[in-house]
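Have a look at the structure below, then the notes.
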Amino acid sequence: MVNVLVTGGAGFIGSNFVRYALGRHADWRVTTLDKLTYAGRRENLHDVMADPRHTFVHGDIADAPVSGPLVEQANIVVHFAAETHVDRSIQSAGEFIRTDVEGTFVLLEAARRAKALRRFVQISTDEVYGSVATGASVETDELRPRNPYSASKAGADRLAYSYWATYDLPVIVTRASNNYGPYQFPEKVIPLFVTNAIENIPVPLYGDGRNIRDWLHVDDHCRAIDLLIERATSGEVYNIGGGNEVMNIDLTHRILETLDKPRSLITPVADRPGHDRRYCLDTAKLRALGWAPQVRFEDGLRDAVAWYSANEWWWRPIKEKDPAFRAYYEAQYGRRG
Ligand code: NAD
Ligand code: TYD
């Protein structure tokens, strides 16, 4: 059996990856380590919690006595755990430094003691390149992160790299573009706008709505990570981009059309400070290893909208009953409109 540690496996991408990995690799034993912050939810793993090849550990990556032994026993570590929302990092950056930078440091130190570790996947982000006015970011481009989230991710990205360069750990770094799909916390733009539209409440579009993101279906992301675990070269960085550049205003129109809701729900609100205008990835390096996205954006978005429509049990308790979500929403949007 192959021991795979997935940090942040109760979050959006992590839970999709755990499900994908258990389905794809009969010889993998997967351990999820997750602190269950507001973004981490047991419900995200509801269908794999009882799987005999899956173990769930409730704990903090930065807590060395908890995370250390799990890393030491692993053959593969896929490190998703992070604070991930740009707007929250602008409100308060401390947890981003603690988890994304310090937490990664704790895992890397444990990895130095691991006896049979063959891959440490540092999940970074396209946001470390900063705003890209023209062209597409290649892996060797300078990092120019512009908000506390992307800066903390850039710190972790380079720290992980340094453990390859210095200690010869089998580290690779992946930089994916914006993901979408099921189980994404409804603070991120797609699930927020879809669920607001279902509730017939305004969708708050930042600034002029002309910022561009490159959308990647979470299933295509999982396939890319899986391939890289086998085929990547240690010490290398790999971009993972969907190749779907979409302006926020166009994305919003598509969501509303899919749900048959009026454009009058769109409410322009004050822009995000330092709002990156555009991200765009060159993915030639990954494609040369045999990966290509399989989900067309039209299909993936329609399926995602259908998933949130069919799974109100998942998001309504968060949006309607969780006082922390309501407080966040009020702080983020209350004075903006
Ligand atoms: P998410 O916010 O949905 O999930 C993060 C998970 O990490 C949660 O389950 C949370 O409980 C857990 N976590 C947070 N702090 C922890 C700690 N100290 N110890 C243990 N667990 C902790 O995030 P996501 O969207 O699934 O993103 C996963 C990873 O992918 C992150 O590293 C993120 O930077 C990266 N990424 C995300 C995107 C995207 O579009 N969502 C794009 C590129 C890269
Ligand atoms: P988001 O989902 O927060 O991802 P990221 O900032 O990591 O790219 O935001 C995606 C885009 O949507 C980004 O340009 C900001 C914009 N946005 C809005 O216009 N309104 C919102 O309420 C949110 C959350 C995001």
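The values are calculated or read from the model by the stated rules, or taken from the named source; none is laboratory data. Computed from a predicted structure; not experimentally measured. So basically every Cβ, Gly included, is an ideal-geometry build from the backbone, and we count neighbours across all protein chains shown.
Select, from H54, H85, the only residue that is within 16 Å of ligand 2 (Cβ to nearest atom), surrounded by 15 or more Cβ atoms within 10 Å (Cβ to Cβ) and assigned by TED's automatic domain parsing to the domain that holds R175.
Numbers: H54 fails: within 16 Å of ligand 2 (Cβ to nearest atom).
The conditions single out H85.
If I go through the stretch 50-105 residue by residue, how many of them are touching a residue at least 60 places away in the same chain (Cβ under 8 Å), among the hydroxyl-bearing types (S, T, Y) and within 25 Å of V2 (Cβ to Cβ)?
Within the stretch 50-105, residues that are touching a residue at least 60 places away in the same chain (Cβ under 8 Å), among the hydroxyl-bearing types (S, T, Y) and within 25 Å of V2 (Cβ to Cβ) number 1.
Residue-wise test of (1) in contact (Cβ under 8 Å) with a residue 60 or more places away in the chain; (2) among the hydrophobic types (A, V, I, L, M, F, W, C); (3) not assigned by TED's automatic domain parsing to the domain that holds Y308.
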| site | (1), (2), (3) |
| --- | --- |
| G155 | no, no, yes |
| R158 | no, no, yes |
| Y161 | yes, no, yes |
| G207 | yes, no, no |
| L228 | yes, yes, yes |
| S234 | yes, no, yes |
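Quick one: how many residues across the stretch 94-129 are away from ligand 1 (no atom under 14 Å from the Cβ) and not in a helix (DSSP H, G or I)?
Summing the residues that are away from ligand 1 (no atom under 14 Å from the Cβ) and not in a helix (DSSP H, G or I) in the stretch 94-129 gives 6.
Regarding R175, is this residue within 21 Å of C280 (Cβ to Cβ), surrounded by fewer than 19 Cβ atoms within 10 Å (Cβ to Cβ) and within 16 Å of ligand 2 (Cβ to nearest atom)? Full working, then the answer.
Numbers: within 21 Å of C280 (Cβ to Cβ): yes; surrounded by fewer than 19 Cβ atoms within 10 Å (Cβ to Cβ): no; within 16 Å of ligand 2 (Cβ to nearest atom): yes.
In short, no.
Would you confirm, using the coordinates I've provided, whether D60 is crowded, with 18+ Cβ neighbours inside 10 Å, acidic (D, E) and touching a helix residue (DSSP H, G or I) at 6+ places or on another chain (Cβ under 7 Å)? Steps first, answer last, please.
Working: crowded, with 18+ Cβ neighbours inside 10 Å: yes; acidic (D, E): yes; touching a helix residue (DSSP H, G or I) at 6+ places or on another chain (Cβ under 7 Å): yes.
So D60 fits the description; yes.
Matching residues to (1) of a type in the set (A, V, I, L, M); (2) over 29 Å from W315 (Cα atoms); (3) in contact with a Cys (Cβ under 6 Å, 6 or more places away or on another chain):
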{"position": "T7", "(1), (2), (3)": "no, no, no"}
{"position": "I13", "(1), (2), (3)": "yes, no, no"}
{"position": "G23", "(1), (2), (3)": "no, no, no"}
{"position": "D27", "(1), (2), (3)": "no, yes, no"}
{"position": "E43", "(1), (2), (3)": "no, no, no"}
{"position": "H46", "(1), (2), (3)": "no, no, no"}
{"position": "A50", "(1), (2), (3)": "yes, no, no"}
{"position": "S67", "(1), (2), (3)": "no, yes, no"}
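Against the condition out of contact with any strand residue (DSSP E or B) (no Cβ under 6 Å at 6 or more places or on another chain) and either crowded, with 22+ Cβ neighbours inside 10 Å or at pLDDT 95 or above (or both), how does K153 come out, does it pass? If you could, list the steps in order and put the result at the bottom.
Numbers: out of contact with any strand residue (DSSP E or B) (no Cβ under 6 Å at 6 or more places or on another chain): no; either crowded, with 22+ Cβ neighbours inside 10 Å or at pLDDT 95 or above (or both): yes.
So K153 fails the test.
Count, please, the residues in the stretch 93-137 that happen to be surrounded by fewer than 19 Cβ atoms within 10 Å (Cβ to Cβ) and on the phi > 0 side of the Ramachandran plot.
Total satisfying the criteria: 1.
Kindly indicate which of L265, L251 is at pLDDT 95 or above, within 19 Å of N179 (Cα to Cα) and buried (at least 17 other Cβ atoms within 10 Å of the Cβ).
One residue alone meets the criteria, L251.
Any idea which of L192, L169 is without any contact (Cβ under 8 Å) to a residue 24 or more places away in the chain and among the hydrophobic types (A, V, I, L, M, F, W, C)? Talk me through it step by step, then tell me what you get.
Numbers: L169 fails: without any contact (Cβ under 8 Å) to a residue 24 or more places away in the chain.
Criteria check complete, one pass: L192.
Could you check the stretch 16-42 and list, in sequence order, the residues that are part of a helix (DSSP H, G or I) and under 25 Å from R98 (Cα atoms)? Give the derivation first.
Step one: list which residues in the stretch 16-42 are part of a helix (DSSP H, G or I), which gives 16-24, 42.
Across the stretch 16-42, the qualifying residues are N16, F17, V18, R42.
Working only within the stretch 179-200, note down all residues that are of a type outside the set (A, V, I, L, M, F, W, C), within 11 Å of ligand 1 (Cβ to nearest atom) and in a helix (DSSP H, G or I).
Let us first name the residues in the stretch 179-200 that are of a type outside the set (A, V, I, L, M, F, W, C), namely 179-184, 186-188, 191, 195-196, 199-200.
Still in the running and within 11 Å of ligand 1 (Cβ to nearest atom): 179-181, 183-184, 186-188, 191.
Hit for the stretch 179-200 is P191, nothing else.
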